[in-house]
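Heads up, the thing below is written out as structure tokens.
Derivation of every value follows stated rules applied to the coordinates shown; laboratory data play no part. Being a predicted model, the structure only gives us computed values, none of them experimental. Virtual Cβ from ideal backbone geometry, glycine too; neighbours counted across all protein chains shown.
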Amino acid sequence: MADALEYQRASGARSGGAAARHRPGPPRLRADAAAGAAPLAPGLCRSLPRCWPCNAHTTAGEALWAGVPVVTWEGPTFAQRVAPSLLNAVGLDVLASDGVAGYERQAIALARDPAARAALRAHLIAQRGGRLFDGERFARDIEALYERMWARAVAGLPPEHLPAAA
């Protein structure tokens, strides 16, 4: 926690004080300490709200690809919804809580349950061929979405929310 606060202080100084005017996010839960267990071995579970209001973007994606379960919570902004969206794409919505209390419960439960962490890891490894990690499918879907958006514009239709896959 001290290193995160020091980083926030240093960031505030470099940004003319803008970051320092914002209250730091909640401290990262040390699930291993809360569970009364020895620290988790690296790669068993990743807790990502330490940089709130951003919960995770690339870090969450890389952790999921590596088979590391991610525990986070969803907020109202785009930056606070990325990690929950990634969890949804791999079928693990249960790891995204709607607040700090749910996040803490989930992290503590996983810290105490090595079998659950192992099952999550196996699930994530199996998801490597799924939609989150399928770049070709993503490219096809977004290209089709752009084509539907362009067709609407050419037809004189107003913008509208369109699903990524038709």
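A few remarks follow.
- At R0 = 30 Å, FRET efficiency that the Cβ-Cβ distance of H57 and A155 yields, to 0.05: 0.30
- Under-5 Å amide H pairs with W73, H placed in peptide plane, nonlocal only: S97
- A full extension of the chain between D113 and S85 corresponds to an added length of 7.6 nm, given 0.36 nm per residue minus the alpha carbon distance.
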